[in-house]
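Here, each number is a calculation from the coordinates, and none is a lab measurement. As the structure is a computational prediction, the values presented were derived from the model and not from experiment. In this analysis, Cβ positions are derived from the backbone assuming ideal geometry, glycine residues included, and neighbour counts consider all displayed protein chains.
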Amino acid sequence: MEIILAIVIGVLYAGGLYMMKRRSIVKLVIGLALLGHAANLLIFTMGRLVRGRPPIIPTGAGQLQAPFADPLPQALILTAIVIGFGIQAFAIVLIKRAYQTVGTDDLDDMKATDGI
Amino acid sequence: MSIVLACLSGFALAVASPWLYRLARGATGWLLALFPAGLFLYFSSFLGTCIAGNAVYTAYPWIPTLGIDLAFFIDGLSLLFALIITGIGALVILYAGEYLHGHPHLGRFYAIILTFMASMLGVVMAGNLITMFIFWELTSISSFLLIGFDHQREQSRAAALQALLVTGAGGLAMLAGLLLIGQANGTFALPHLLSQGGAVRQHPLYLPILLLILLGAFTKSAQVPFHFWLPGAMEAPTPVSAYLHSATMVKAGVYLLVRLGPVLGGTEAWHYLVTTAGAVTMVIGAVLALWQTDLKRILAYSTVSTLGTLVLLIGLDTSLSIKAAMVFLLVHALYKGALFLVAGAVDHAAGSRDITQLGGLARAMPITATAAVLAALSMAGFPPMLGFINKELLYEAKLQAPRASELITTLGILANVALVGVAGIVGVKPFFSKRHTTLQHAHEVAPALWIGPLVLAGWGLFNGLWPDVLVNPLITAAVNAVQPEITSVELKLWHGINPVFGLSVITVIAGVGLFLSHDLWFRENWRAWLLQTTSRISPQRLYELGLVGLNKLARAQTRLLQNGYLRYYLLTIVATTIGLVGYTLFMPGLPTVTTESKLDILVHEGVIAGIIILATIMAVTTRSRLAAIAAMGTVGYGVALLYILFSAPDLAMTQFAIETLTVILFVLVIYRLPRFALLSSTPARIRDALVALLAGGMMSLLVLAAVAGPFQSHLAPYFAAHSLDLAKGRNVVNVILVDFRGFDTLGEITVLSVAALGIFALLKLRKEH
Amino acid sequence: MNIADVQIVSILPQTLLLAAALVVFLADLVWKDRKGIGLLALAGVLATFVATVVMLAGPGVPTFQHMAAADRFALVISLVMSAAAVLAVLVSLDYIVRVDLPAGEYYGLLLLAASGMMFLGAATHLMTLFLSLEILSIALYALAGIRTTDIRAGEAALKYFLLGAFASAFLLYGMALLYGATGTTSLAGIAAAVPSVQTDPMLIAGLALLLIGFAFKVAAVPFHMWTPDVYQGAPSSVTAFMSVGAKAAGFAALVRVLVAVFPTLYAWWVWPVGVLAVLTMTWGNLAALAQGNVKRMLAYSSIAHAGYILVGVAAGEAGVSGVLFYLMAYALMNIGAFAVLIALERAEEDAAGVELERMRGLFHRRPWLAAAMTVFMFSLAGMPPLAGFFGKLYVFSAAVRSGLLVLAIIGVINSVISAYYYLRVVARMALAAPAEEAEPARCPALTIGTGIAAVGTVLLGIYPTWLLNLVQGTLAVLFGG
């Protein structure tokens, strides 16, 4: 199964990178979202895959019995998902504003700041 | 303590001088001149100690962590320099008060020149290499400010910058050399370095160290091919040229060579490098001096020649050559300082420094003329001037050079003949040749303008007649500081008739001949041709071309790299990352990438993975905005499903919720943005796709490599064991978030709030405008 | 979690800043006086500064939950940061009224960013690293785009954000790999685990990705592309602050991770860091050379300074104190230089920053302002005996001691190039002024800010020992004991 997930991560990563390199900003943001998923899945896989053993202590038991899924990466990913959402929301507003000010969503037209 | 005060009080006075000028106005020059005069007397009191070959050393910890002390070191060598700096300093300050009379920024001028004086004293008296370097750079900076003092002119700014860049660059090279010396010897303190002798000479980095130090010395002392900044620096007001660019600052390189001679010298490399640079500079400077028309530029090139001679003598490294160098240092400061000040007085009185226009000034300016002639005689080496004694010594040292003495002596004669001619051109011609019609009404200058030159030139005569009074003790002290054995220098005016005297006579006769035939060979069309030819191949031209080239390179590379295309930026980042991370993947010790799964593949999981992959491809390729967003949502839900299947229900719930919100947000905004257009060309898309696939593949490999190895979470068992008893929670992920790692969650909330505030700021501002 | 265990005092400066930000936001709702809100912010940063000084002087403070340390390293970073924040607020008081910026958002985001930077300097846990980086980044994205009337600002903020989010993703990847390799997310834990797994390519790949994430924050070439745009597009006061603060924070994290966590992998990371240093110095200086706009010139030159600091990082343990010293020196001289630009900046005409031509004749119009600028330029060029010189001396001699002679020499060559463009400014100020030139702004707070920076630059040069003693041996307690 790990190989399947490795491929999924690779595809997400490649897709995200490809989108990041488009000229339309909206595509860039979609790319960012894909990269976010890739990052989360990567952390998830790093903690190793375990089927059907969530890190929840069953009623009656005092502590988790092995094997169980590693709770720490899950906590990390939870944080990352929420922050990712914050970033996305920020991105969408920023794009909207930039589009209104600059009048284009083509990044190649946004070169007022560069050069010498 | 008093040494420290003597060195540093100049800085305090510099800060105060603009206010002093507001109070005392015209008398400021006289008042301020008292300060260096007092220092001169103070330093004279060290003469006795230094003659015996002893040194005074005081050190105060300044930056102990770097081994830098505020240390001062006075031996005969420092003393000779200190007396020149303060003695001429007093006269120059006095002179400047009159020369720049009424200049709106005279107060500022005093401040800078006093800063320079204090820094220069610092250079020659610093007892710690780094402290010396700091003072060294301060002299460069104050020289920059002084050359650019008459800053309305484009030329003077360019010259100031050029001088600072050349000497500053050399200085920084020297710093690298000094750091290495410090590392090799374990100390920056001068007395310790001198007592350790040649430890550096055995160091594996000896040659780089030597080259770096020489770079510093040669740029500062205007050795070919770095000499070009010195004539350029003549843009400075004349008192500055007299003081910095002939008597003191340009000799700092010479000082450094003599000072570090016991540490770095005595090797073949030292001998050849230093001697060659000196000999070449000596000849080129003297020859170029003959072809100038501007009094100050003539003097500048002759100074270059002198500096070359000094460096040559140091490279010869015999006790005779060192003695000759010390005497020459003193003589040159006296006559060249006087001649510069005379040039300034002439400029002041007659309104020109062009020798083709000057003539017959002796009647109008008798005192200045006297000073000029005396100085010129000393420069030309006529008896009974000190210059004569010096010339004899120079020839003696060159004749006894350890290698190639014939060649060196011949070059020496060549340079000296030219310098005799130069002495006539600057010291005699303006005053005694036929009076020129275009001159404005010349008049004798104010006392402050002739005291300086007359005193300096007069000393040349006095010391030539009675060398025992001052010169012998001073030179004895200086030589004893450098030479291991204590000697007593006995200079005499008359040595009898010997080969050296013969050379002196030949030089003078040839030089006078050169001067008298000046009008013949100094014709405009000749001169123009010569200057044009030399300027085409001169280092000055190289410097200018280098600067232009650097600017072009700067523009070109900025345009190339800062091209404004975001995706190229991203491409660069990704490519660098692939390089950096990919390279680690091929390091030895990599766990074999295995396709052998630890978990078997279940069909429904495979289907979900397939859906994610398909949705990703769709999001990437679709032209419809809505389809892209839908595909993105699908990816998100697919990932959430994976979380459920692999025991992470909390993640799945969060992912579902967030994904829904994101999609809604997108849909709300999307219709306010333009449609997707096919903006990139096909080759660009293929290139991007290849890079992306490469990076994606690398990530996949990394994952496989990672999961192949064994894994032991250090923290999971702890959380698993203690969630319930410590935090009273059964959902371990939740417990971690709100309890064990509650601080993370606080941070997370902060991040979200900041994002919200940012969004608010952006939206609100939009409304307002 | 027991409340008594929460050693909140160890993150006092950061908390003070957060509180101040909150107060500023709330005050903005009811109070429309922009200067007043500015003074509130000033009180907040001053309190932070004082708290930092007190903590530095006092006995050691324990770590905060293994998430953030209050060791001397972190406190020195806090000192740099709060000094930078004080100066930034001082120069903003009059400026934001002049260029018409919203006070609440401006100061609030500034304080939040500063707080994030301080957290980053103190972070001893991957999670804290990531979170504080996000706090400071998002606040800076918004600040970069706060000048809504300016197209440049909008574009710059967008590009900064996109590249920044990208870099954050890298950082996250790196952290995932580190966790995968060592099974722990606390820096101390990773440091303990590194020797046993140090040949694991996953660990090294994680380190590489982390390095890239931080290289982006400190604007090292080739991860610098956002810098010129953002620095030019942002209001000058923001540029001044972020060029110093974000850099200090990024370097703090970089040093802590590289030197304290991965000392055994020095032989591996010295290469990429050294190469980055060379690229960064050289490229930054050459690009700065080509600029005719002083603000943009300072932006590019700030890249070059990141390069000098990287030389110190490459020197490893020997370079840590040099890096800290350099950061302090850079804070003073760079904010000072920007303060002078702020005084010259006119609301409409100079939206893109002050052109070099506008420096003309400053020596005649405002001699003291010009003198201060001269000090800053000389110091930035590394001329003794100013702060910038000792910064360079410190990092370069550390490089020489670590056997990186080539790096030191390339740094020296670069200093010469930089002298050319810095001194060009000084030369321009000495020229005669054009007649129609507008009078530079006069404002007590701005004058105080410029004065503090100038005096600090000189004093740090003449008497650097107090700071040197402070930064000496910070590494010994890098995890808060």
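Mind checking C:190-198 for the average number of partner chain beta-carbons within 10 Å of each residue's beta-carbon?
1
Taking the alpha-carbon distance from C:Lys217 and a cut-off under 17 Å, which lysines remain once sequence neighbours fewer than 8 residues away in the same chain are dropped?
Cα-Cα hits under 17 Å: C:Lys159, C:Lys247.
For chain B, just the Cα atoms, rotate onto the principal axes and tell me the three extents in Å, largest first.
For chain B, the Cα extents along the three principal axes come out at 115, 58, 56 Å.
With the cut-off at 1.5 for a/c, could you classify region B:566-709 from its C-alpha gyration tensor as rounded, prolate or oblate?
In terms of gyration-tensor shape, oblate.
Based on Cα positions only, what radius of gyration and what Dmax would you give for region C:202-341, in angstroms?
14.6, 48
Check A:Ser24: other-chain or 5+ apart residues with amide H under 5 Å from its amide H, H built from backbone geometry?
Correct list: A:Leu107.
Mind giving me the nanometre distance, one decimal, between the label points for B:Ile686 and B:Leu414, set 7 Å out from Cα along Cα→Cβ?
6.7
Show the residues, 5+ positions off or on another chain, whose built amide H is closer than 5 Å to the amide H of B:Leu70.
Close amide H contacts, sequence-distant or interchain: B:Tyr60, B:Trp62, B:Ile63.
Give the peptides B:68-79, B:16-27 in descending order of average Cβ contacts within 10 Å, highest first.
B:68-79, B:16-27
In debye, nearest 20, what is the charge dipole magnitude of chain C about its Cα centre with +1 on Lys and Arg Cβ and -1 on Asp and Glu Cβ, if you could check?
Approximately 660 debye in magnitude.
What Kirkwood hydrodynamic radius do you get for region C:261-389 when you take the inverse of the mean 1/r over all pairs of distinct Cα atoms, in Å?
16.0
For C:374-386, what's the mean count of beta carbons from other chains sitting within 10 Å of each residue's beta carbon?
Rounded to a whole number, the mean comes out at 3.
From the alpha carbon gyration tensor of the protein assembly as shown, can you work out the equivalent ellipsoid semi-axes (sqrt of 5 times each eigenvalue) and give them in Å, largest to smallest?
Over the Cα atoms of the protein assembly as shown, the semi-axes work out to 68, 31, 28 Å.
Take each of the peptides B:84-91, C:195-202, B:600-607, average the number of other beta-carbon atoms within 10 Å over its residues, and list them starting from the highest.
Listed from highest to lowest mean packing, they are B:84-91, C:195-202, B:600-607.
From the gyration tensor of the Cα coordinates in chain A, what semi-axes in whole Å does the equivalent ellipsoid have, largest first, with each one equal to sqrt(5λ)?
40, 17, 9
Distance between Cα centroids, region B:257-273 to region B:124-192: provide it in whole Å.
Computed from Cα coordinates, the inter-centre distance equals 20 Å.
Treating only the Cβ of Lys, Arg, Asp and Glu as charged (+1, +1, -1, -1), what charge dipole size does chain B show about its Cα centre? Round to the nearest 20 debye.
1940
Tell me which of C:Ala88, C:Leu39, C:Ala153 sits at the most positive position along the dipole axis of region C:3-477, charges placed on C-beta atoms (Lys, Arg +1; Asp, Glu -1).
The one lying farthest along the dipole's positive direction is C:Ala88.
Using only helices, what value at 222 nm comes out for chain B when you add -39,500 (n - 2.57) per DSSP H run of length 4 or more and divide by the total residues, to the nearest 500 deg cm²/dmol?
-24500 deg cm²/dmol
Under a point spin-label approximation (7 Å from Cα along Cα-to-Cβ), what is the B:Leu8-C:Ile462 distance to one decimal in nm?
0.8
How far apart, in nm, are the 7 Å Cα→Cβ label points at C:Asn469 and B:Tyr671?
Using points 7 Å along Cα→Cβ, the separation is 7.0 nm.
Sequence neighbours fewer than 8 away in the same chain don't count; with that in mind, list the lysines whose C-alpha is under 29 Å from B:Lys391.
B:Lys220, B:Lys251, B:Lys296, B:Lys323, B:Lys336, B:Lys429, B:Lys492
Can you spot the lysines whose alpha carbon is less than 27 Å from C:Lys35's alpha carbon? Ignore those fewer than 8 places along the same chain.
In chain and number order, the partners are B:Lys764, B:Lys767, C:Lys295.
Over region B:98-215, what relative contact order in percent results from Cα pairs under 8 Å that are six or more residues apart?
23
So what's the angle, to the nearest 10 degrees on a 0 to 90 scale, between helix B:129-147 and the longest Cα principal axis of chain B?
80
Placing +1 at every Lys and Arg Cβ and -1 at every Asp and Glu Cβ, with all other atoms neutral, what dipole size does the protein assembly as shown have around its Cα centre, in debye to the nearest 20?
1820
Given the peptides C:159-172, C:330-343, A:89-102, arrange them by the average over their residues of other C-beta atoms within 10 Å, most packed first.
Peptide ranking by packing, descending: C:330-343, C:159-172, A:89-102.
Over all residues in C:418-428, what is the mean tally of Cβ atoms on other chains that come within 10 Å of each residue's Cβ?
That average works out to 4.
Cα axis of helix C:12-30 to longest principal axis of chain C: angle in degrees, 0 to 90, nearest 10?
Orientation of helix C:12-30: about 50 degrees from the principal axis.
Once you have the Kirkwood Rh of chain C from its Cα pairs, apply Stokes-Einstein at 4 °C and 1.567 mPa s and quote D in µm²/s.
In µm²/s, the coefficient rounds to 59.
Please work out the C-alpha center-to-center distance from region B:527-556 to region B:5-69 and express it in whole Å.
What the calculation gives is 41 Å, centre to centre.
Taking Cα pairs under 8 Å and at least six residues apart, what relative contact order does chain B come out at, in percent?
10
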